[in-house]
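Working notes, structure below.
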Protein chains: 2
Amino acid sequence: MADGFTLANLPYGSIRRAPAAEARLCVALGTEAIELAPLAKRLDGIPPELIDAPNLDRLLAADAIVWAELREALQRTLAADGPPPEASFPLDDALPCLPFTVGDYVDFYSSLEHATNLGRMFRPDADPLLPNWRHLPVGYHGRSGTVVVSGTPVRRPRGQRPGPDGPTWGPSARLDIELELGFVTAGAPNQLGEPIPIDRARERIFGFVLVNDWSARDIQAWEYQPLGPFLGKSFATSISPWVVPLAALEAHRVAGPAQDPSPLEYLRTSEPWAFDIELEVALQPAGHPSRTIARTNARELYWNPAQQLAHVASNGAIVRPGDLYASGTISGSHNGTQGSLIELTWNGERPLQLNGAARIFLEDGDTVTISGRTGAEAGGERVALGQVSGQILG
Amino acid sequence: MADGFTLANLPYGSIRRAPAAEARLCVALGTEAIELAPLAKRLDGIPPELIDAPNLDRLLAADAIVWAELREALQRTLAADGPPPEASFPLDDALPCLPFTVGDYVDFYSSLEHATNLGRMFRPDADPLLPNWRHLPVGYHGRSGTVVVSGTPVRRPRGQRPGPDGPTWGPSARLDIELELGFVTAGAPNQLGEPIPIDRARERIFGFVLVNDWSARDIQAWEYQPLGPFLGKSFATSISPWVVPLAALEAHRVAGPAQDPSPLEYLRTSEPWAFDIELEVALQPAGHPSRTIARTNARELYWNPAQQLAHVASNGAIVRPGDLYASGTISGSHNGTQGSLIELTWNGERPLQLNGAARIFLEDGDTVTISGRTGAEAGGERVALGQVSGQILG
């Protein structure tokens, strides 16, 4: 997990050293976590209260120039003098907390392959993509109060499941994952009624986390008409503990897929806003070894973060520091590159074989771990996104 | 507006006395706002920091026993000694702020008549109610960051509107209102994975506000498949400034409509959880007199607040202090009792005549004001919910 936590990465997290200790803002470097507050004296011009903090909230409230100054100052002092011994401790001992207080949480649906797969499964006789899909990044608001950090156990949700004689009540029998990449916003909020132009996205996108958007397909299928997903999603959304700054991913920005038709003006950007980030999903049944069940790449996403942000604010909605925007399930076009079990098993037609334990959906005791790091295209050192992991409790 | 702000009501708000002043937690009584902090010495046993505060956030974090103690102590001292003169000022001078920090915002769809009307309009050849509607309170998460207090101007949103040759970009031409009743939760959050039984709803429902869920019907119609409303709603949601405690509405609780089929066990309650609250909507075109365009009653809602809360938490989702839960549009079955323009005008077939200014949807400069007070059934003094008002800017 620590491979890729280089000085060029330097992700931020909110970490406790012991279960009863207070959470402190840290960076990860190599195999160590480094608390930032003891570095304050070394960081000329950085307001100490930004880093003498439990988490990223205060830094996210600051402007992009401040994020850049802090990052540069940290890289300089850590390269020159290393961390103060009292400030660093092994990542293996780090107990992560949520890295920031989540404002609004939006979940998009930005993978063409994922949307196409689901359309093929559930509307086999129609165009798999709905008419709006190629014109705007479809999305919805999720529940920010149940966004949890990696390592938090996830209890299988109970709910109404469809049945031939009406709904019944009980545990979800179709508990799934969704492999996603999320970004957190920062900087001064726009005024109500004032959109954020797409070429200002860089001033508002602070960094990235991995997201597992746990999904109860049976609850979702029964409830979602006509207002969208609700309890089938709101029981838990897990994010990785280390927020990788956008600045750390600069070298790994690539052109995304061609968009046809050309999007409306407010969604057009000439900058490369896709990211060469390799992603994988591992599933470990209790008492069994872990196995990788999917490999894909975030560069396949049709709609990119700048377009997602510009779209969210295009109606004048306020974007606050700490808002979380997730990509939607990232799926490729080949078998084994899909980011959800419902796609990997083609709605149950092709169960996964895991060293003797077959799976269509998740069983109690299963642990799912999503990990990510930048790909090889840019050369040089990889930048790790770390992992987001969670075990299902019955 | 102040009629009904009795001692038996005593709603809470976050009020500034002047544009540059700090917001302070207040109650409304008669025609006065009363700042609470100066009353601290008189309130034995109430932690002063709960009321020496800018808004309701600290009180909402406390348990229901504390809300009850504060309310009783305030009623006793205000009845016996009146407010300290330096603490009270005319309601007419009160500048309201958001009464609490909104956690998650959920919008339901709990009026049978509203859901039926929309079904009839948009699916004329099918059953107007979808199969899930009578089994669960359908709802979705809205954007908490653009919940604003009454009086905040609302800029007409721009967005993608459907057209014969694909979407075009521009101002919404179908800007609507939705008349709703909302409640705010309080008390210690449930643990992730632990539902809130319906008979504990009283410990988590603090009080009520009026809600105008502004809606851009053209943006919504194009975007909402398959994940539900998003930018058609997220540009603004207005709430009334005074939070009326559940305790103030006790005498006005009534049995709701019969539910057929009987809901599943977790949604069953023998308590009366509907509220006899008379509601009306007034529309004032710029330069014209205001006219009442709709009158209805919250008691018509099919799904009640206890059921909404139990449903939201039934999958183990955390309910935090400050979450806002809105009812969905409240509509009756007769013409003139519907809580949205799209229903009142039957999708434009019957424009409203407003002393010479005809309306199908809102025009720039229009001001919409929703007001509410308890009905006559319980006898005795009415309890005012106050008003939520907003003007459309172009």
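Here is how the numbers come out for the structure above:
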| read-out | value |
| --- | --- |
| Residue list for region B:366-389, filter: among the acidic types (Asp, Glu) and either farther than 12 Å from B:Phe5 by Cα or crowded, with 24+ Cβ neighbours inside 10 Å (or both) | B:Asp366, B:Glu377 |
| Some residue of region B:245-263 being part of a strand (DSSP E or B), on the phi < 0 side of the Ramachandran plot, touching a residue at least 40 places away in the same chain (Cβ under 8 Å) and under 17 Å from the mean Cα position of the chain (by Cα) | yes |
| Scan of region A:58-78 for residues that are in contact (Cβ under 8 Å) with a residue 24 or more places away in the chain, under 24 Å from A:Pro189 (Cα atoms) and surrounded by fewer than 18 Cβ atoms within 10 Å (Cβ to Cβ), ordered by number | A:Ala61, A:Asp63, A:Ala68, A:Glu69, A:Arg71 |
| Scan of region B:118-172 for residues that are facing chain A (nearest Cβ under 10 Å), part of a loop (DSSP other than H, G, I, E, B) and among the small types (Gly, Ala, Ser), ordered by number | B:Ser172 |
| Residue in region B:328-337 that is within 14 Å of another protein chain (Cβ to nearest Cβ) and among the small types (Gly, Ala, Ser) present | yes |
| Criterion: more than 19 Å from A:Gly82 (Cβ to Cβ), touching a residue at least 60 places away in the same chain (Cβ under 8 Å) and either assigned to a strand (DSSP E or B) or assigned by TED's automatic domain parsing to the domain that holds A:Pro90 (or both) - qualifying residue of A:Ala18, A:Ala8, A:Ala33 | A:Ala18 |
| Test: residue in region B:305-313 that is surrounded by fewer than 19 Cβ atoms within 10 Å (Cβ to Cβ) and outside the structural domain of B:Leu56 (by TED's automatic domain parsing) | no |
| In region B:204-242, the residues that are assigned to a strand (DSSP E or B) and touching a helix residue (DSSP H, G or I) at 6+ places or on another chain (Cβ under 9 Å) | B:Ile205, B:Phe206, B:Gly207, B:Phe208, B:Ser215, B:Thr237 |
| Answer residue from region B:295-346, given it is acidic (Asp, Glu) and in contact with an Asp or Glu (Cβ under 8 Å, 6 or more places away or on another chain) and is modelled with the lowest pLDDT among those | B:Glu300 |
| Residue list for region A:257-272, filter: within 14 Å of another protein chain (Cβ to nearest Cβ) and either in contact with a Phe, Trp or Tyr (Cβ under 8 Å, 6 or more places away or on another chain) or surrounded by 16 or more Cβ atoms within 10 Å (Cβ to Cβ) (or both) | A:Gln259, A:Pro263, A:Leu264, A:Glu265, A:Tyr266, A:Leu267 |
| Evaluation of B:Gln191 against (1) closer than 19 Å to B:Ala317 by Cβ; (2) surrounded by fewer than 18 Cβ atoms within 10 Å (Cβ to Cβ); (3) more than 11 Å from chain A (Cβ to nearest Cβ) (one fails), failing number | (3) |
| Among the residues listed as A:Ala317, A:Ala294, the single one being assigned by TED's automatic domain parsing to the domain that holds A:Asp260 and either outside any loop (DSSP other than H, G, I, E, B) or surrounded by fewer than 21 Cβ atoms within 10 Å (Cβ to Cβ) (or both) | A:Ala294 |
| Output for region B:347-365, where each listed residue is surrounded by 14 or more Cβ atoms within 10 Å (Cβ to Cβ) and either touching a strand residue (DSSP E or B) at 6+ places or on another chain (Cβ under 8 Å) or among the hydroxyl-bearing types (Ser, Thr, Tyr) (or both) | B:Pro351, B:Leu352, B:Leu354, B:Arg359, B:Ile360, B:Phe361, B:Leu362, B:Glu363, B:Asp364, B:Gly365 |
| Top-ranked residue of region A:376-394 - restricted to ones that are outside any strand (DSSP E or B) and in contact with a Gly (Cβ under 8 Å, 6 or more places away or on another chain), ranked as farthest from A:Val184 (Cα to Cα) | A:Gly394 |
| Any hit, region B:234-256, residues being within 14 Å of chain A (Cβ to nearest Cβ), under 22 Å from B:Ser340 (Cα atoms) and touching an Asp or Glu at 6+ places or on another chain (Cβ under 8 Å) | yes |
| Positions within region A:114-160 being surrounded by 18 or more Cβ atoms within 10 Å (Cβ to Cβ) and among the hydroxyl-bearing types (Ser, Thr, Tyr), in sequence order | A:Tyr140, A:Ser144, A:Thr146, A:Ser150, A:Thr152 |
| From A:Ala61, A:Ala87, A:Ala79, residue being within 30 Å of B:Phe230 (Cα to Cα) and outside the structural domain of A:Phe183 (by TED's automatic domain parsing) | A:Ala61 |
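Conditions tested, residue by residue: (1) touching a residue at least 24 places away in the same chain (Cβ under 8 Å); (2) of a type in the set (Phe, Trp, Tyr).
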| site | (1), (2) |
| --- | --- |
| A:Ser270 | no, no |
| A:Trp273 | yes, yes |
| A:Asp276 | yes, no |
| A:Leu283 | yes, no |
| A:Ser290 | yes, no |
| A:Tyr302 | yes, yes |
| A:Ala313 | yes, no |
| A:Val319 | yes, no |
| A:Asp323 | yes, no |
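The values are calculated or read from the model by the stated rules, or taken from the named source; none is laboratory data. Small disclaimer: the values here were computed from a predicted structure and weren't measured. So basically every Cβ, Gly included, is an ideal-geometry build from the backbone, and we count neighbours across all protein chains shown.
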